[in-house]
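Notes to accompany the following structure.
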Amino acid sequence: MAKPQERIVFHVDLDCFYAAVETRDDPKLAGKPVVVGADPKGGTGRGVVATCNYEARKFGIRSAMPISKAYKLCPSAAFLPVDFEKYVPASRQVMEILQRYSAVFEPAGIDEAYLDVSKKCKDFKEAQMLARELQQAVLKETGLSCSVGVGPNKLIAKIASSFRKPFGITVVPPQLVLPFLDPLPVGELWGVGKKTAAWLNSHLINSIKDLRMADPVALVEALGEFGGRLHRMTYGEDDRPVGVETELKSIGREHTFQSDAADPAIVLREVDRLSEDVGREVREEGWQFRTVVVKVRFAGFETHTAQGRVAPSDSGAVLRDAARNLVLSLCREGRPVRLVGVKVTDLESTEGQTHLAQFTAER
Ligand code: TTP
Ligand code: MG
């Protein structure tokens, strides 16, 4: 067991998740650049890259980049559509494995989760061995590679898991928290988006150490309450427990048809309307979403849901396109639809969300 009051937290994140599932399932793709996302249509396609494997990243391709740009960077890559029917079962299988390593478990997205292993390991050395064991088990049982960050809390574990990817393990015991954070760019901190980073950089605050040395009063004056939180984050402290979801936020709307809709065009028109309403509310609340969830209830009450991740957004158009694709993936049998619903989750304030986009682009 870890010392009283000392916690040991893992953040596990799969490596190039969607692309990894695709290459696992099709051996012909091994070693080739693989891009998962919208159809590039020979360079004229609209839409964005969901993710790509590490071979494709060598060409500069990144999540959330326009697919046309990805095509220009590497036209010979394999371009594949997003296929949640493959990713959701893969995600579930990984999450089941992770829960064998600790009951104190918190999924944080389709390909990431936190584990509190304080009761399983007496120190960080043991935790490192457990992380290696977990990583090997995931690889052996699912064919997927993951990276693990090990730290005294969620904040450090999360930053650590992305530190050495793919198939990395980064252990940051309490006494190394400050030296670990010091040289990292301020954008690594949760909530620091492009705008905040640009403002900080213009004041010669580039690294987390620079930010710690900055005057907290000046930060609060410039950034409001967030400036104070940000300054505290530079000490790497974080009390949030693992296993308690921080206020699950979602915004959604549903519509039941007067008479069951057999024509997909009618269903999609309703999806557009619901997406517009949900998008408006998201913007009014000052949120951005990362996950889109749709629900389709067929005549006879059989209900299916599907969900997909998108780059952080508050755009009704992004929501509509994602929702349309998801609904189509459920409706393809052409069965009459009784009810359709559109919901967004993984909501964060505008600040927090730009962080993810920027982080992805820079990785
Ligand atoms: P990430 O864990 O951010 O990315 P990744 O697993 O592809 O790559 P990495 O090795 O750097 O962790 O996201 C998990 C999945 O979520 C990713 O495989 C595809 C999806 N996703 C999108 O659809 N759009 C996005 O903008 C991002 C960032 C992710
Ligand atoms: Mg990942």
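The values are calculated or read from the model by the stated rules, or taken from the named source; none is laboratory data. Values in this document were obtained by computation on a predicted structure and should not be read as measured data. Because the Cβ atoms are built from the backbone with ideal geometry, glycine has one as well, and the counts that use them run over all protein chains shown. The protein model used for the area step is the full one, side chains on, heavy atoms only, and it has no ligands, DNA or RNA in it. Shrake-Rupley method; radii C 1.70, N 1.55, O 1.52, S 1.80 Å.
Would you pick out the residues in the stretch 244-262 that are at pLDDT 75 or above and either in a loop (DSSP other than H, G, I, E, B) or of a type in the set (Val, Ile, Thr) (or both)? Full working, then the answer.
Just the residues of the stretch 244-262 that are at pLDDT 75 or above, to begin with: 249-262.
Within the stretch 244-262, Lys249, Ile251, Thr256, Ala262 qualify.
Just checking, how many residues over the stretch 14-33 are more than 8 Å from ligand 1 (Cβ to nearest atom) and not in a helix (DSSP H, G or I)? So that I can check it myself, show each step before the final result.
Here is the first cut: in the stretch 14-33, the residues more than 8 Å from ligand 1 (Cβ to nearest atom) are 21-33.
Applying the additional criterion that residues be not in a helix (DSSP H, G or I) yields 26, 30-33.
So the count comes out to 5.
Taking Val327 as the residue in question, decide whether it is at pLDDT 90 or above and either open to solvent by 50 Å² or more (accessible area, probe 1.4 Å) or outside any helix (DSSP H, G or I) (or both). First the steps, then the outcome.
Details: at pLDDT 90 or above: yes; either open to solvent by 50 Å² or more (accessible area, probe 1.4 Å) or outside any helix (DSSP H, G or I) (or both): no.
The answer is no for Val327.
Filter the stretch 34-66 down to the residues that are at pLDDT 95 or above, within 14 Å of ligand 1 (Cβ to nearest atom) and within 13 Å of Phe79 (Cβ to Cβ) and list them by number.
Val34, Val35, Val36, Thr51, Cys52, Asn53, Ala56, Ile61
Search the stretch 177-196 for residues being in a loop (DSSP other than H, G, I, E, B) and over 20 Å from the mean Cα position of the chain (by Cα), and hand back the single one that is surrounded by the fewest Cβ atoms within 10 Å (Cβ to Cβ). Please lay out each step first, then the result.
So the first thing to find is which residues in the stretch 177-196 are in a loop (DSSP other than H, G, I, E, B), and the list is 182-184, 189-193.
Next, from what is left, pick out any that are over 20 Å from the mean Cα position of the chain (by Cα): 182-184.
Details: Asp182: 13, Pro183: 10, Leu184: 17.
Looking at the filtered set, the residue picked out is Pro183.
Does any residue of the stretch 21-34 turn out to be touching a Ser or Thr at 6+ places or on another chain (Cβ under 6 Å) and more than 29 Å from Pro107 (Cβ to Cβ)?
No, there is no match, as no residue in the stretch 21-34 is touching a Ser or Thr at 6+ places or on another chain (Cβ under 6 Å) and more than 29 Å from Pro107 (Cβ to Cβ).
Would you check if Gln128 is of a type in the set (S, T, N, Q), out of contact with any strand residue (DSSP E or B) (no Cβ under 8 Å at 6 or more places or on another chain) and open to solvent by 20 Å² or more (accessible area, probe 1.4 Å)? First the steps, then the outcome.
On the way: of a type in the set (S, T, N, Q): yes; out of contact with any strand residue (DSSP E or B) (no Cβ under 8 Å at 6 or more places or on another chain): no; open to solvent by 20 Å² or more (accessible area, probe 1.4 Å): yes.
No, not satisfied.
I need every pair where a residue in the stretch 86-110 that is of a type in the set (Lys, Arg) has its Cβ under 9 Å from the Cβ of a residue that is within 11 Å of ligand 1 (Cβ to nearest atom), sequence separation at least 6 or different chains.
Filtered contacts from the stretch 86-110: Lys86/Tyr18; Lys86/Val21; Lys86/Glu22.
Are any residues in the stretch 84-101 open to solvent by less than 50 Å² (accessible area, probe 1.4 Å) and either out of contact with any strand residue (DSSP E or B) (no Cβ under 8 Å at 6 or more places or on another chain) or within 16 Å of ligand 2 (Cβ to nearest atom) (or both), and if so, which ones?
As a first pass, look at the stretch 84-101 and keep what is open to solvent by less than 50 Å² (accessible area, probe 1.4 Å): 84, 87-88, 90-91, 94-95, 97-98, 101.
Once the filter is applied, which keeps residues that are open to solvent by less than 50 Å² (accessible area, probe 1.4 Å) and either out of contact with any strand residue (DSSP E or B) (no Cβ under 8 Å at 6 or more places or on another chain) or within 16 Å of ligand 2 (Cβ to nearest atom) (or both), the stretch 84-101 yields Phe84, Tyr87, Val88, Ala90, Ser91, Val94, Met95, Ile97, Leu98.
Under 7 Å by Cβ, and 6 or more places apart or on different chains, what pairs join a residue from the stretch 48-76 that is assigned to a helix (DSSP H, G or I) with one that is within 8 Å of ligand 1 (Cβ to nearest atom) and open to solvent by 50 Å² or more (accessible area, probe 1.4 Å)?
Tyr54/Pro166; Ile67/Val48
In the stretch 132-153, how many are away from ligand 1 (no atom under 16 Å from the Cβ) and either assigned to a loop (DSSP other than H, G, I, E, B) or over 23 Å from Tyr18 (Cβ atoms) (or both)?
Matching residues across the stretch 132-153 total 6.
Would you check if there is a residue in the stretch 213-236 being assigned to a helix (DSSP H, G or I), over 23 Å from Lys158 (Cβ atoms) and open to solvent by less than 20 Å² (accessible area, probe 1.4 Å)?
no
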